[in-house]
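The structure under discussion appears below in the form of structure tokens.
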Amino acid sequence: MRPFWSGTISFGLVSVPVALWPANRSGGLSLRMLAPDGTPLERRFVCPKEGREVPREEIVRGYELDDGRYVVLEDEELEALAPERSRDIDLRRFVDRDALDPAFFRRAYFLTPAGDSAKAYRLLAAAMEEEGKAGVATFVMRGKEYLVAILAEDGILRAETLRFADEVRDPEAIGLPAADEGKGPPAKDVKRFAAAIRELHASGIDRAELVDRDAERLREVLEAKAEAGEDVVEVEPAAEGGRVVPIGDHVDLMAAIKASLEGARAGGGGRGGGGPRRESGKGGRAAERLADLTADLTKDELYARAREAGVPGRSGMTKAQLLRALGAQG
Amino acid sequence: MAARAIWKAVLRLGEASVPVKLYSAVEDRGVHFRLLHAEDRVPVEQKMVHPGTGEPVPYEETRRGWEAEPGTFVVLDDEDLAAAEPEASREVEITRFVPPETIDHRWYDRPYFLGPDGDATAYAALARALAASGREGVARWTMRKKSYLGALVPEDGRLALVTLRPAAEVISARELDAPSGRKLDERERKMARQLVAALAGDDDLSAFRDEYRDRVLELVAAKAEGKAAEVKPIRRRKASKGSLADVLEASLEQAKGGGKRRKSA
């Protein structure tokens with residue numbers, strides 16, 4: 001498993017080579033589009049003018065002008081717009097961590113030290129955490145510029161991509177009435193709602209509530225069909241062979257992030273810069289990983305692991321039963 | 001220009017209810033390209049093709065399936081898909097109000113502004129009461145055949161609803177161990193803190209712009225006029241070599257100098 005991106009964070013004149021890993025895993029169940037005989041369909045491109053299929057290498061990117069003409073942009077031209085230097089995360093400004101607005105938040109990534117950077121990585125993490133600050137910068141990754149906040153939590157650096165200010169609308173412009181215009185709502189109404197809020201006070205969010213209920217329902221339907229052997233079709237595995245089975249993927253990603261954090265610990269640096277890549281995440285460590293991970297897993301996650309491990313009867317199991325079954329396998 | 005609401009709903013918190021309209025709070029500003037056939041510059045069409053026959057399969061004839069293991073699909077028909085769909089409802093149920101710090105940043109997904117639907121009194125009252133409470137509401141609802149979780153947050157005297165990702169999609173940092181090693185040098189640690197403090201600036205991030213997008217659009221405009229593309233390099237300084245302590249010291253000096261000496265670095 002490879003990092004999503006490798007690059008350098010600079011902080012003053014200090015550079016910290018890092019690897020970036022998604023901190024979100026794809027959830028749910030991804031469905032494929034199939035032919036009536038069950039064969040997965042492939043996306044192909046057809047030129048409507050010639051009525052024939054067009055291979056990838058004959059396809060270019062075009063930007064449509066107002067008059068309907070297209071300006072063709074070559075990959076090299078787009079590449080040239082993002083010189084090497086703009087691909088680094090250059091932290092020139094630090095802001096209060098608590099001042100980051102959740103409405104701007106887009107996606108999170110874990111950062112792991114690459115090369116010899118473990119010490120600089122730890123220093124940056126410690127300094128930001130102690131100051132209660134997050135570093136902010138823009139950088140270009142894969143043909144797109146990102147606004148990113150670098151945060152530290154318990155010694156681990158995280159990158160959170162944020163929306164640019166012009167990507168968040170102004171409520172005034174939408175036509176929402178200005179806040180507290182005039183004398184505001186009657187005090188008795190405010191009091192009524194304050195009481196309703198108090199009535200529902202809770203100390204925190206319940207992780208069990210944060211489940212993808214649609215995926216759960218779909219999974220039940222799939223399980224029932226699979227167990228009954230109904231509508232289960234076997235087809236010739238795709239030629240490219242590398243289609244990802246969505247669920248087994250989770251453990252691989254975790255293992256890769258862990259290995260890359262550990263590599264830094266063991267050697268003071270992931271020797272040869274290949275730290276994250278050497279560990280494929282596969283192999284015989286599944287049991288070990290499960291033992292590490294069971295502490296904080298949702299039923300959803302345990303189920304995914306049970307599926308991967310081939311635990312029989314898993315669909316009817318409670319969380320405790322899943323844990324036991326997985327433990328027994330380990 | 002007033003934007004159109006994308007959905008109408010009723011917020012329900014216990015006995016109380018507030019009719020609202022949802023508006024997307026974000027706007028896609030990305031540069032979008034079409035895929036063209038290089039030869040004739042005609043946009044290509046996408047077809048879903050059967051790899052065995054090479055023939056496109058019309059959408060009505062396609063089926064959905066989940067790949068249980070490589071090469072094995074569990075096929076779903078319309079009835080199965082309908083059975084997995086949530087029941088339609090206009091209700092946004094607020095299940096609890098929690099301290100904001102208990103909601104992980106990484107759960108936040110997509111923000112929506114809420115506006116009053118009809119009489120604004122209840123809306124304004126809830127907005128004020130929520131802001132005063134210092135809490136965020138946890139909400140659940142079904143919109144367009146999809147279940148959502150969200151956080152009801154006060155936004156400048158208004159209300160906003162930010163959808164939340166399922167917890168299983170977020171890798172907990174507690175599952176990971178931080179890189180460790182020899183104890184950090186106190187002097188270096190102090191300098192690193194000073195550097196962070198010296199580079200602390202305005203919390204308002206609106207000055208950060210998507211310059212790459214601007215450059216792509218400039219290039220498009222230049223090419224549309226038949227001009228050769230001119231690329232202005234973005235200037236960034238290089239990191240210097242030396243021991244970590246030396247580099248930190250030089251960085252601190254530079255930060256204190258107001259960044260004027262950056263060119264020489």
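For (1) assigned by TED's automatic domain parsing to the domain that holds A:Arg158; (2) without any contact (Cβ under 8 Å) to a residue 60 or more places away in the chain; (3) farther than 30 Å from A:Asp170 by Cα, each residue gets a yes or a no:
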residue: A:Lys49; (1), (2), (3): no, yes, yes
residue: A:Ile59; (1), (2), (3): no, yes, yes
residue: A:Arg92; (1), (2), (3): yes, yes, no
residue: A:Pro102; (1), (2), (3): yes, yes, no
residue: A:Ser117; (1), (2), (3): yes, no, yes
residue: A:Phe139; (1), (2), (3): yes, no, no
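Quick check, is B:Glu67 surrounded by 14 or more Cβ atoms within 10 Å (Cβ to Cβ), outside any helix (DSSP H, G or I) and more than 7 Å from chain A (Cβ to nearest Cβ)?
Values: surrounded by 14 or more Cβ atoms within 10 Å (Cβ to Cβ): yes; outside any helix (DSSP H, G or I): yes; more than 7 Å from chain A (Cβ to nearest Cβ): no.
Spelling it out, it is not the case that B:Glu67 is surrounded by 14 or more Cβ atoms within 10 Å (Cβ to Cβ), outside any helix (DSSP H, G or I) and more than 7 Å from chain A (Cβ to nearest Cβ).
Filtering B:Ala200, B:Ala120, B:Ala173, B:Ala125 for residues that are among the hydrophobic types (A, V, I, L, M, F, W, C), surrounded by fewer than 21 Cβ atoms within 10 Å (Cβ to Cβ) and more than 25 Å from A:Val95 (Cα to Cα) leaves a single hit, B:Ala120.
Applying a threshold of 7 Å to beta carbon distances and a minimum spacing of six or more residues, or different chains, the list of pairs starting in segment B:143-170 at a residue that is modelled with pLDDT under 90 and among the charged types (D, E, K, R) and ending at one that is surrounded by fewer than 23 Cβ atoms within 10 Å (Cβ to Cβ) and not in a strand (DSSP E or B) reads B:Asp156/A:Ala179; B:Glu169/A:Arg25; B:Glu169/A:Gly27.
If the condition is being acidic (Asp, Glu), part of a helix (DSSP H, G or I) and within 23 Å of B:Gln254 (Cα to Cα), then segment B:169-187 contributes only B:Glu186. Residues in segment B:17-41 that are assigned to a strand (DSSP E or B), surrounded by 18 or more Cβ atoms within 10 Å (Cβ to Cβ) and without any contact (Cβ under 8 Å) to a residue 24 or more places away in the chain: B:Leu36, B:His37.
Look at B:Asp185 and say whether it is of a type in the set (Asp, Glu), within 7 Å of chain A (Cβ to nearest Cβ) and surrounded by fewer than 22 Cβ atoms within 10 Å (Cβ to Cβ). Even if it seems obvious, please write down each step before you answer.
On the way: of a type in the set (Asp, Glu): yes; within 7 Å of chain A (Cβ to nearest Cβ): no; surrounded by fewer than 22 Cβ atoms within 10 Å (Cβ to Cβ): yes.
So B:Asp185 does not fit the description; no.
The number of residues in segment A:56-92 that are touching a Lys or Arg at 6+ places or on another chain (Cβ under 9 Å) and more than 8 Å from chain B (Cβ to nearest Cβ) comes to 3. For segment B:54-91, taking the residues that are among the polar types (S, T, N, Q) and at pLDDT 90 or above, the one that is farthest from B:Arg140 (Cα to Cα) is identified as B:Thr62. What number of residues within segment B:188-220 are in contact (Cβ under 8 Å) with a residue 40 or more places away in the chain, within 18 Å of A:Ala152 (Cα to Cα), assigned to a helix (DSSP H, G or I) and facing chain A (nearest Cβ under 7 Å)? Result for segment B:188-220: 3. Just for segment B:1-13: of the residues that are facing chain A (nearest Cβ under 7 Å) and surrounded by 15 or more Cβ atoms within 10 Å (Cβ to Cβ), which one is modelled with the lowest pLDDT? Ranking the candidates gives B:Ala3 first.
Can you tell me how many residues in segment A:126-157 are among the acidic types (Asp, Glu) and out of contact with any helix residue (DSSP H, G or I) (no Cβ under 8 Å at 6 or more places or on another chain)?
1
The values are calculated or read from the model by the stated rules, or taken from the named source; none is laboratory data. Treat the numbers as computed from the prediction; the structure is a model and nothing was measured. Every residue, glycine as well, gets a Cβ built from its backbone with ideal geometry; the counts of neighbours run over all protein chains shown.
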